[in-house]
Every structure is written in structure tokens, then in C-alpha cells.
1. If a residue has to be closer than 21 Å to Glu383 by Cβ, surrounded by 19 or more Cβ atoms within 10 Å (Cβ to Cβ) and modelled with pLDDT under 95 to count, how many in the range 291-337 make the cut?
2. Might you let me know whether the range 200-208 holds any residue that is without any contact (Cβ under 8 Å) to a residue 24 or more places away in the chain, outside the structural domain of Ala339 (by TED's automatic domain parsing) and outside any loop (DSSP other than H, G, I, E, B)?
3. I'd like to know if the range 358-365 contains one or more residues that are in contact (Cβ under 8 Å) with a residue 12 or more places away in the chain, surrounded by fewer than 17 Cβ atoms within 10 Å (Cβ to Cβ) and in a loop (DSSP other than H, G, I, E, B).
4. Gly212 fails exactly one of the following numbered conditions: (1) at negative phi; (2) not β-branched (Val, Ile, Thr); (3) not in a helix (DSSP H, G or I). What is the number of that condition?
5. Are there any pairs with C-beta distances below 7 angstrom linking a residue in the range 160-183 that is over 22 Å from Glu397 (Cβ atoms) to a residue that is not in a helix (DSSP H, G or I), with the two at least 6 apart or on different chains, and if so which?
6. Give the range 217-242 a look and list any residue that's of a type in the set (A, V, I, L, M, F, W, C) and part of a strand (DSSP E or B), or say none.
7. All but one of (1) at pLDDT 90 or above; (2) at positive phi hold for Gly133; state the number of the condition that does not hold.
8. Given the criterion among the basic types (Lys, Arg) and closer than 22 Å to Phe165 by Cα, identify the matching residue among Arg53, Arg91.
Amino acid sequence: MISPQDAISLTPPSAWRVVPFWSLFRRTKSIGHADEELLSVYRDHGVVPTSSRDDNRNKPSEDLSGYQLVTEGALVTNKMKAWQGSIAISRHRGIVSPAYYVYQPLSEEHDQFLHYLLRSEPYVALYQRISKGVRVSQWDLEHEALRTIPVLLPDPATQKQIADFLDAETARIDALIEKKLQLIDAAEAEFLERITHAVTGSAWDAGRKPSGYDWHPTVPSSWSVVRLKFLCSKIVDCLHETPVHDDEGEYPSVRTADVKRGKLLVENAKRVSTSEYINRIQRLEPEPGDIVYTREGERFGLAALVPEGAKLCLGQRMMMFRVNRRVVPAYLMWSLNGAFAYNYLKQGTAGATSPHLNIFDIRNVPIFLPPLDVQESICAELEARFAVKEKMIDLVERTIDRLREYRAALITAAVTGQIDVAAHARPVETAPPRASGEVVHLRPVAMPDRRTVRVLVAADVVHRLGADPYLGRTKLQKLMFLAEAHANINDIAGRYQRYRYGPYDDAMVQEIEQGLRQDGYYDTWEGTGVDREKVAFQQMSRAGGHRDALAAALGGKTDSLRQLVDLFKGKDTEATEAVATLYAVWNDALIDGKQPDDAAIIRGFLQDWHPEKGKFKQADLQTWLGWMRRHGLVPKGTGPRTVSTNTPSLFERE
């Protein structure tokens with residue numbers, strides 16, 4: 001048996017047992033149960049009825065007699081995807097593919113604890129190491145490798161305690177994620193309405209005529225209704241054969257999964273070799289400005305433009321249109337994405353579980369066609385709204401990613417004994433002392449709110465800068481801004497105004513200083529520091545004790561924060577102020593859709609920020625811009641936008 005240190009790079013608590021997998025589970029293979037419910041195992045959802053998901057593209061065999069029986073409490077693993085986390089204890093009775101392994105429990109260990117443990121990040125990383133195959137997509141986790149892995153086991157009462165704790169915490173986190181996903185769905189639905197409104201001429205009040213279609217009876221009098229085939233010079237269907245994918249291939253082969261409404265996700269597409277690419281483009285080679293379209297499956301009816309510089313081919317279930325001079329490519333693309341075209345085509349798929357659009361119907365879909373200048377105007381409006389929608393969704397998805405990171409980190413910490421879930425409801429100070437050398441159990445941090453994140457990040461900045469003589473209120477505030485804007489710690493959620501010392505949120509300053517004091521990390525006191533600072537941070541009893549809570553709150557962003565802070569060690573307050581303000585000016589411009597050069601950034605700094613910025617020299621600012629680029633401190637047009645103020649606040653403090 002592999003040692004736990006070698007297997008998962010963790011030393012379990014001394015009171016825990018370590019046993020081999022084979023002592024807990026026995027592989028079984030009971031077939032001949034074709035009437036049982038079909039089950040699948042997912043990385044994110046565990047074992048669920050296949051019918052409950054619409055994203056499983058693996059069609060079951062017509063003959064289910066060879067499928068294996070799964071009973072409640074059995075462990076199921078997809079040997080080809082275990083390295084991704086497709087392993088779980090089943091809560092359902094049913095049957096699974098012959099490509100799965102099914103294990104019956106041999107002990108009375110708590111199955112929900114084992115469910116969390118065997119799906120935790122250290123174990124999934126272990127499955128990756130012991131799986132075999134020529135390439136990643138062909139990795140298999142064989143039974144002989146799995147049976148020897150070490151399994152960490154606390155006593156039964158602790159197993160139940162950990163499982164109950166994780167059930168409650170993951171349910172709460174999952175509910176938060178679901179709310180975020182609903183925000184995305186609402187944004188997509190609103191944008192669909194915008195598209196439909198624009199490409200059907202609904203905003204035009206003056207002069208209308210019959211369209212000939214009951215569900216949208218009129219169009220502007222200057223518009224015409226034209227079938228798709230009369231707007232295209234080429235209409236091409238994909239080859240009706242599955243592409244031969246190659247992980248090392250150069251060319252993307254786009255599938256329905258790679259198309260979202262208005263955008264082609266080329267970076268997500270599977271790759272094919274040069275020979276397969278040549279085979280796939282024999283009907284027509286895609287060019288920038290061509291429209292790709294999904295014609296089958298639950299994602300039918302989505303269109304996107306082939307972007308500039310892309311050299312790709314069509315995968316399965318795809319079509320492509322090349323427009324003629326009567327229509328702007330983007331306008332036809334948006335029209336195909338609207339509800340009118342979708343509903344027209346959906347008529348021919350009524351009742352189908354996997355919709356399949358008829359090419360004749362696609363060629364004849366009606367398009368509401370305005371004059372070319374109006375098409376251009378509509379496209380400009382929709383593209384602007386699309387950019388706003390995508391930026392909002394990107395921010396929400398980052399929050400979701402952080403929630404998922406936190407969820408995974410919490411599970412790992414609990415099932416490997418790195419936190420003491422029994423102490424979760426009591427203050428850290430009341431935890432019993434630990435023997436020397438024993439693993440220290442830390443109270444897990446609840447899903448952090450804004451105040452918690454702010455205080456933990458500030459505590460880490462102060463701790464890492466230590467005796468830095470320039471550390472004070474101004475330097476801390478600038479680093480808080482950069483932590484949110486550059487390290488993507490969005491839960492800091494500052495509202496930064498353009499004050500004389502750079503981006504500044506007075507309410508945040510007060511909340512942080514009060515929180516540092518209340519949580520026992522640092523007190524602030526008025527002293528005589530260098531470089532105009534009047535505030536210093538004095539250690540309290542828990543100074544430095546924030547680190548585990550910070551890691552649980554930020555997940556993988558902890559390292560990004562610390563790399564950022566290390567850049568500013570020894571930098572005086574004026575330098576920190578200059579860099580943070582340059583970053584804010586630059587980032588604000590990107591958010592506004594501009595691409596400023598250095599001269600524009602410096603001009604925004606000196607002329608548009610605050611009158612007191614005139615004290616800086618242009619040459620020094622140019623030097624700092626170069627320093628920022630060398631150290632990767634370059635904004636991306638995301639995160640907080642600063643708010644202009646021409647009147648220095650009476651409450652702004654140094």
C-alpha cells in the first residue's frame with residue numbers, strides 16, 4: 001500500500017487509521033438487469049439517473065443486458081474518467097455501463113464520509129498519477145491500481161460528524177452557486193429579448209407593413225422579409241462522420257458545445273490533424289466572417305461568426321453560411337440567434353428528444369432585412385450590449401469559480417483532518433491545546449462575507465509587509481484596490497473614488513481598521529512614520545493567525561495576493577500611490593472600451609484624476625508604467641471602476 005504521505009502529500013492525524021482500499025470494497029459485476037434504471041457517474045454530481053441530465057452525449061447500448069447492477073451504498077467509478085473525479089457512492093439503484101467499476105462495501109464505515117474523501121482533490125490528483133494510457137484522453141484507472149490506495153479513516157463518530165458538517169456546508173455553497181447561475185440565465189434571457197427586438201424591427205414605430213407571420217405580424221415598411229437562401233452565396237452542411245480528434249492536432253474542429261449565442265469558443269474546441277482538417281474542409285474552408293450554426297441536439301439554433309485569424313473546420317451537427325452582398329454577416333448571425341428564427345425552425349422538431357433541423361427548413365428560414373446602414377447600426381448596438389453582458393457574466397463566473405474552489409478546499413481540509421469540525425461552532429480560543437508535533441486543527445471559516453474577506457486580506461498585507469517603514473493607511477488602501485482589481489479578489493467589493501492619494505474607499509478603510517481590531521489582529525495608532533504616513537499598525541494577540549482562514553477564503557488566489565504584496569515591499573507611499581493610480585486610469589479606460597497608449601494613461605493621471613496629481617513628473621510615471629509591464633501588473637479591463645470626484649472628501653484620511 002502506498003503511504004498517505006506519498007499518495008496524497010498529507011500526514012493524517014495520529015489518531016486516524018490508514019487502511020488499503022481493498023479492505024473496504026470488493027469489486028462486483030452483476031449483469032442481466034436490463035429493466036433497471038440507467039445511471040451515470042459525474043465529476044460534479046456523483047451517481048445520478050442518466051435521464052436526469054441533458055448533457056450526457058454518450059448513447060447507451062441498445063442491449064443493456066451486459067450493464068452492471070448498482071445498489072444503494074455501492075461505490076461506482078468510471079475507469080476512463082476517474083482521473084477527473086468521476087467516482088462516487090451511489091444513492092440510487094440501477095445499472096451502469098460495462099466501462100464502469102462497481103464496488104460493494106465490506107465494512108461499516110460511514111459511506112457519506114467515504115464519498116467525500118474519495119472525491120476530494122488529493123485523491124483525484126492520486127488517480128491522475130496512477131492512471132495509465134498513451135495520452136490524457138485515453139487514461140484508465142485500473143482496478144489493480146485503485147485497490148492499493150490508502151484510505152484515511154477517523155473513528156466512526158468523527159466520520160459522521162465530518163459528513164454531516166460537509167452536507168450542510170456544501171448545500172449552502174451549492175445554493176449560492178445556484179443563485180449565481182440564475183443571474184447568468186436571466187442575463188442571457190434578457191439579451192435574447194434584445195436580439196429579437198432588434199432584428200424584427202420592433203423598435204420602429206413609424207410605417208409598418210404585414211410580415212406574413214402570425215407570431216410577428218408586422219415589420220417596418222422599409223424592411224423586407226427574405227429567406228436565408230437568398231442572402232447566402234454558400235450554405236454548407238458538415239460531413240456526416242465523426243472527426244478523428246487528435247490532442248496534438250493544430251486545427252480546431254468546432255462542435256455544438258463550442259458555440260454560444262453570438263460567440264464561437266474556438267479555444268474550447270477539440271483538435272484534429274492536418275490530414276483530418278483537409279478532409280473536413282473539402283466542402284468549404286471556413287473564413288473569417290462566415291457563420292457557423294448548430295443544427296442538432298439540445299443546443300440547436302445557435303450562431304456565431306468565424307473570428308479573424310481562426311483556421312478551423314466543422315465538427316458534427318454543424319452548418320456554415322457565407323453571406324452575399326445583401327446582408328451584413330453579423331446581422332444575419334444575430335437574426336439566426338433571435339427567438340423568431342428559433343421558433344420558426346422549432347416547429348419542425350416538435351416532440352423530438354434530440355432536435356434535428358432539416359436543411360430545407362434552415363435554407364428557408366425568414367429573415368427580417370433592413371437596409372444595410374440599419375443593419376450596421378443594429379449590429380453595433382447588439383455588439384455593445386453583448387460586451388456588457390459578457391463582462392457581467394465573466395464576473396459572476398469568477399465568483400462561482402471561487403465558491404467551487406472554496407467548496408473543494410473545505411472538503412479536503414475536513415476529510416484529511418486539517419480542520420476540526422467539532423470546533424466549528426466554538427471560538428478558536430476555547431480549542432484545547434495540541435501536543436507538540438500533532439496536526440493542528442483549525443476552525444473552518446464559513447463562506448466569507450465582504451467584511452471577512454476585507455479584514456483577512458488586510459491582515460495578510462500588514463503581516464507580509466511587517467516592518468516596512470512606509471506601511472500605513474494609504475499604502476494598505478492602494479494594495480487593497482490592487483488585490484481586487486489585479487488579483488481578482490472580487491469579494492473585497494470596494495467603491496473607489498478618485499481622491500488625491502489614488503483609488504480610495506473611506507467606508508472600507510473604517511471597516512478594515514475596526515475589523516482588524518475586533519478580530520485581534522492589529523490595532524491602529526497615530527504615530528510619526530516616514531513619507532507623510534500618520535497611521536501605523538500594532539500587533540495584537542492574533543497577529544499572523546489569519547493565514548489558514550485566508551487560504552480557505554481565497555483558495556488559489558492566496559498566492560496571487562502574496563506575489564502582488566511582495567512587489568511593493570520597500571516601495572515608498574508615493575510609488576505605491578503612483579502605480580495604483582496608473583493601474584486605475586488604465587483599467588478604467590479598458591472598461592470603457594478604449595485601448596490607451598502610455599501618453600493617454602499619463603494624461604489621465606495628471607489631468608483627469610485630481611488636482612494634486614500635478615506633483616508627479618511625466619518621466620517618473622513613464623518609468624512606473626515600464627515597471628508595471630515588467631512585473632505583469634497590467635490591467636485587463638475587469639474589476640472595479642473608479643468614481644470621479646472633484647471635491648476632496650472632508651473625511652479622507654491620511
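The values are calculated or read from the model by the stated rules, or taken from the named source; none is laboratory data. Because the structure is predicted, anything quoted here is derived from the model rather than measured. Cβ placement follows ideal geometry from the backbone for every residue including glycine, while neighbour counts extend to all protein chains displayed.
1. Result for the range 291-337: 1.
2. yes
3. Yes, the conditions are met somewhere in the range 358-365.
4. Only one criterion in (1) at negative phi; (2) not β-branched (Val, Ile, Thr); (3) not in a helix (DSSP H, G or I) is unmet by Gly212, namely (1).
5. Sorted first by the residue in the range 160-183, then by its partner, the pairs are Lys160/His110; Ala163/His110; Phe165/His424.
6. Val219, Val225, Val226, Cys232, Ile235, Val236
7. Unmet condition: (1).
8. After applying the criteria, what remains is Arg91.
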